[in-house]
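K.L.:
Input: one structure, supplied below.
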Amino acid sequence: MDAMILAAGEGTRMLPLTEKTPKPLLKVGGHSLLDYHMSLLADLGFKKVVINISHLHEQIDEYLKKNNHYNLDIHLSFEESGPVGTAEGIRQCVDKLASDTVFVISGDLFTDCRPQTLELDDGYDAHLVLVPNPNHRSMGDFLFHDGVLGPLDGQKNGLTFSGIGIYRTSLFKDSKYTSDDLGDVLRELVNEGKVSGEVHEGIWVDVGNIERLEQARELADSSV
C-alpha cells in the first residue's frame, strides 16, 4: 500500500504564521508536523509517499530534499492553481499510486496514533480512525458501533474523524463520488454502510489554528 500526506492547505486560520511558513512545516516539540508524519509512515513500513502541495510549495519541496531521513520514496503533487479540496487532491494523485488502497493522513495533525489495522475488510471501501470529540467539535462526525460507522442521527453524540484513513483508490475514479471535499465522499460511504473504523484515545490535536498549535506544543513538551 502507498501513503499520502495532505499538505496543500493555505492555513488561513494560522495567520500570520502561515504567511511565510506552510502549515506542515510549523514546529511542534522541535520538529515540523511533516517530520512527525514521515516518521510515522516509515515506522508503519510504508515505502512510497505522495504529498500534495500548493501554498508556499517551494519551501516544502526544499525541506524534503534536505530532510528525508526516512528512506521514503517521496512524490510531490503540485496544485498549481491553488488547493483543490481534499478529495480532489487525492483524485489528482491516483495515477501516482501503485496500490489498490491508500493510507491518507492530514498534514496538520499532531498525534501519537498508530492505527490498529492497515487493511480493508471485504465489503468496506474505507477505514477511518476516530477520536473522542474535541471542544471545537462536540457532536462529532459519525456514530460508531461494532466496528462500523453510521451517520449522526441528532439524538446521540458521535466521534470525530481524525484525518487518518485508508481508502480504495477506485473511490477517486468512480464518477459516483464527485465532490471535491473528502468529508462529503465519506458521508456518502457511511450512509451506504461501507466504512469501518477504530478509535484512538491517545494524543491527537487538529492543528487548525494558533490556539491548537500551542496546545500541541504543550503536549509535546510534557511528553519529553
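The values are calculated or read from the model by the stated rules, or taken from the named source; none is laboratory data. The structure displayed is predicted, hence computed values, not measured ones. Glycine also receives a Cβ, built like all others from the backbone with ideal geometry; neighbour counts cover every protein chain displayed.
K.L.:
Any residue at all in region 128-136 that is in a loop (DSSP other than H, G, I, E, B), under 18 Å from residue 46 (Cα atoms) and touching a residue at least 24 places away in the same chain (Cβ under 8 Å)?
P.N.:
The answer is no, given that none of the residues of region 128-136 is in a loop (DSSP other than H, G, I, E, B), under 18 Å from residue 46 (Cα atoms) and touching a residue at least 24 places away in the same chain (Cβ under 8 Å).
K.L.:
Looking only at region 173-200, count how many residues are part of a helix (DSSP H, G or I), in contact (Cβ under 8 Å) with a residue 60 or more places away in the chain and more than 16 Å from the chain's Cα centre (by Cα).
P.N.:
Counting residues in region 173-200 that are part of a helix (DSSP H, G or I), in contact (Cβ under 8 Å) with a residue 60 or more places away in the chain and more than 16 Å from the chain's Cα centre (by Cα) gives 1.
K.L.:
The conditions are (1) touching a Phe, Trp or Tyr at 6+ places or on another chain (Cβ under 8 Å); (2) under 19 Å from residue 108 (Cα atoms); (3) among the polar types (S, T, N, Q), and residue 133 fails exactly one of them. Which is it?
P.N.:
Residue 133 satisfies all of (1) touching a Phe, Trp or Tyr at 6+ places or on another chain (Cβ under 8 Å); (2) under 19 Å from residue 108 (Cα atoms); (3) among the polar types (S, T, N, Q) except (1).
K.L.:
Further question: Considering only region 28-44, I want to know if a residue exists there that is in a strand (DSSP E or B) and among the hydrophobic types (A, V, I, L, M, F, W, C).
P.N.:
yes
K.L.:
Could we say that residue 106 is surrounded by fewer than 19 Cβ atoms within 10 Å (Cβ to Cβ) and of a type in the set (Gly, Ala, Ser) here?
P.N.:
no
K.L.:
In this structure, does residue 163 turn out to be within 22 Å of residue 91 (Cβ to Cβ), in contact (Cβ under 8 Å) with a residue 40 or more places away in the chain and outside any loop (DSSP other than H, G, I, E, B)?
P.N.:
Criteria met by residue 163.
K.L.:
Considering 89, 140, which residue is crowded, with 19+ Cβ neighbours inside 10 Å, among the small types (Gly, Ala, Ser) and in a helix (DSSP H, G or I)?
P.N.:
Result of the check over 89, 140: 89.
K.L.:
Please give the number of the condition residue 73 fails out of (1) touching a Leu at 6+ places or on another chain (Cβ under 7 Å); (2) over 22 Å from residue 186 (Cβ atoms); (3) of a type outside the set (Val, Ile, Thr); (4) in contact (Cβ under 8 Å) with a residue 24 or more places away in the chain.
P.N.:
Looking at each condition in turn, residue 73 falls short on (1).
K.L.:
Does region 155-173 include one or more residues that are of a type in the set (S, T, N, Q) and modelled with pLDDT of 95 or more?
P.N.:
Within region 155-173, one or more residues are of a type in the set (S, T, N, Q) and modelled with pLDDT of 95 or more.
K.L.:
From the list 77, 54, pick out the single residue that is more than 24 Å from residue 1 (Cα to Cα), of a type outside the set (Lys, Arg) and buried (at least 18 other Cβ atoms within 10 Å of the Cβ).
P.N.:
54
K.L.:
Which of the residues spanning region 152-172 are surrounded by fewer than 16 Cβ atoms within 10 Å (Cβ to Cβ) and under 20 Å from the mean Cα position of the chain (by Cα)?
P.N.:
170
K.L.:
Further question on the same structure: Anything in region 76-97 that is in contact with an Asp or Glu (Cβ under 9 Å, 6 or more places away or on another chain) and within 20 Å of residue 40 (Cα to Cα)? List them, or say none.
P.N.:
76, 97
K.L.:
May I pose another question? Residues of region 9-41 being within 16 Å of the chain's Cα centre (by Cα) and more than 22 Å from residue 219 (Cβ to Cβ), which ones?
P.N.:
Passing the criteria: only 10.
K.L.:
Please go through region 98-123 and give me each residue that is in a strand (DSSP E or B), in contact with an Asp or Glu (Cβ under 9 Å, 6 or more places away or on another chain) and within 21 Å of residue 147 (Cα to Cα), ordered by number.
P.N.:
101, 102, 103
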